[in-house]
1. Could you list, ordered by first residue, the pairs with Cβ atoms under 7 Å in which the first is in segment 384-407 and basic (Lys, Arg) and the second is part of a loop (DSSP other than H, G, I, E, B) and surrounded by fewer than 20 Cβ atoms within 10 Å (Cβ to Cβ), at least 6 apart or interchain?
2. Only one residue in Arg203, Arg238, Arg224 is basic (Lys, Arg) and farther than 25 Å from Thr285 by Cα. Which one?
3. Which ones in segment 175-192 are of a type in the set (D, E, K, R) and at pLDDT below 90?
4. As an exercise: evaluate Asn553 against (1) in contact with a Pro (Cβ under 7 Å, 6 or more places away or on another chain); (2) crowded, with 19+ Cβ neighbours inside 10 Å and give the number of the one condition it does not meet.
5. Please verify whether Gly262 is under 18 Å from Ala221 (Cα atoms) and part of a loop (DSSP other than H, G, I, E, B), treating the condition exactly as stated.
6. Which members of segment 227-246 meet the condition of being under 25 Å from Ser181 (Cβ atoms) and crowded, with 16+ Cβ neighbours inside 10 Å?
7. What helices (runs of 4 or more DSSP H) lie completely within segment 441-549 and have 3 or more residues being at pLDDT 90 or above, aliphatic (A, V, I, L, M) and more than 18 Å from Leu564 (Cβ to Cβ)?
Amino acid sequence: MTNILSWGPLAIYGTPLYGYKQSSHLFCTLNKDLRTQCLYVACDACCCFATQWKNRDIEGTRLRPPKMGAFSNFEVSGVDHDLVSKEYGIVKHEEKAVFSENSFEKLEVTRDVGNNQSLVVNGGELALNDDRLLYLEELDEKVLSKRILELSRLNKVRSVWRLFKSMTYSGLKPDAHALNSLLSCLLRKGMLDNALKIFEFMRETETVTGHTYSIVLKAMADTRGCNAAFIMFEELERSGDSRKHFDAIVYNTIISAFGKVGNYIRAEKIWKVMQRNGCSGNSITYRLLICLFVRCGQNDLALDAYHEMVHNDIEPNVDAMQAIIGACAKEGKWHLAFNVFEDMLSRGLKPNLVACNAVISSLGKAGKVQLALNVYGVIKSLGYESDAYTWNALLVALYRANRYSDALFLFERIKKSKSFILNLHIYNTALMCCKSLGRWDKALQLLWQIEASDLSVSSESYNLVIGACEVARRPEIALEVYSHMVEQNHSPDTFTLLSLVRGCIWGSRWEEIEDILSRYAPNSSLFNAAIQGMCLRGMTDSARKLYQKMLENDLKPDGKTRALMLQNLRKRPLKRR
């Protein structure tokens, strides 16, 4: 056999033996084909494992070399055509030691390496349980890191895990890029526990990056829920990692996780932590916050995020601007909604139809009819087809501007276009215009059209028709609509009954008023309306009786009713004794 002091191939049962640096591993195999990779390694420089295949099972034999001078500074050796690479180490003792088969003592194998299961299921999650190490001929950390990167991209999870374990066991450290790729590979395979081990290793070796935190927090949220991710985030913040490594991408990751489940409270907390740590958000941060707040109905928070975004000179993207237009429309901030809309057009952005409709609705509610019509022109120039929401927003704009006739004219144009089926909202808006104009005949016509269509007539529609009859002082028509309403199994509400009572007062239909008051539960609004109408029509005796009945039912008269009753009591002549 070749002397180990010259560091040639040492034959153990005809097998070469190779080594690493000081206190590293010695490897051997019974396979004479040197291209076959070693299957196991030794624990230190004083013992080694010899492994062989037998019927697809692994047999292990532990060999211990005799005592000799200490080894120092071994470089990895490779074999190519039975030749060993150049000598690097030096042995303290110059004498040559010759090994033979009798120089080694056979010891008992400590564990059965052939029955190791590499994959286990832990709590419903897949985990890798493989401690086998690889024979590393290469010790360059950059080369090995590149190999980890390649294996991770190919999803060779067992191979890359063994390579990582072999490197760390040998005192080698992969770079951050390779470890992040390994993290992603493990998480793609659902091995969160193994990924967390890599994460802790990166924290200990200070190779962790902001991308690392993003990967791990996203995996925690997807696998174990947002609460687990938030707990982990708080622990990392307390440990000081947030100020060192957290960037906007990390905060965006955790905000996005809460956005998926609609948890705006936790997202707001993350936003406040971000502000406290002095980390400036980017356009993605504010887009996530604004869209989440608007979706959850927190329009004030959405507006705060938008103002902070503008203050930091960050241009909002299309999604954020469209969301803020919707928030402004709901909050009645038509001026801001219109400014954001104009800003989108000036930047060459194309708002969607929903945003355009929201601007029209906001302007319409503020009575800005001309601006609303201008936005409608923009809709046509953008190539959009107006939908029911667009037309209803325009009708409401005309109604709020007291242009009732124009609204009805537009309604007829919409109906004749037949580009879409009219919905109940459009019909009710037209009925509101009929009520304001006192067009009871037009209101009845629209009611018949609604009933003839497939639309379900609401109580609001009947109320508007009865209201139109009240304005036109046609109580007999109002009572007929009321009877038809009851026949259609629609229960009249307080607004319906108030319109009937007021209409009957103008028509002096006192019996119908008493019938309505007696048929339904006592209501202060109905009694007040009836008493006030009777007083104004000179029916003071009937008003006093009704007032007395109102007090008996423990109903509270309003100020106008009390004033009218006191006024009529003074006019009442005193009875002679």
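The values are calculated or read from the model by the stated rules, or taken from the named source; none is laboratory data. Note that this is a predicted model, so its numbers are computed, not measured. A quick note on method: Cβ atoms are made from the backbone with ideal geometry, for glycine too, and the neighbour counts reach across all protein chains shown.
1. Arg400/Gly367
2. Values: Arg238 fails: farther than 25 Å from Thr285 by Cα; Arg224 fails: farther than 25 Å from Thr285 by Cα.
None of the others qualify; the one that does is Arg203.
3. First, pick out the residues of segment 175-192 that are of a type in the set (D, E, K, R): 175, 188-189.
Passing the criteria: only Lys189.
4. Single failed check for Asn553: (2).
5. yes
6. Result: Ala229, Met232, Phe233, Leu236, Asp241, Ser242, His245, Phe246.
7. On the way: elements: 459-471, 475-487, 494-506, 510-519, 524-536.
It comes to 459-471, 475-487.
Here's the yes/no breakdown for (1) charged (D, E, K, R); (2) farther than 30 Å from Val465 by Cβ; (3) in contact with a strand residue (DSSP E or B) (Cβ under 7 Å, 6 or more places away or on another chain); (4) crowded, with 18+ Cβ neighbours inside 10 Å:
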{"position": "Leu500", "(1), (2), (3), (4)": "no, no, no, yes"}
{"position": "Arg519", "(1), (2), (3), (4)": "yes, no, no, no"}
{"position": "Ala530", "(1), (2), (3), (4)": "no, no, no, yes"}
{"position": "Met534", "(1), (2), (3), (4)": "no, no, no, yes"}
{"position": "Asp541", "(1), (2), (3), (4)": "yes, yes, no, no"}
{"position": "Tyr547", "(1), (2), (3), (4)": "no, yes, no, yes"}
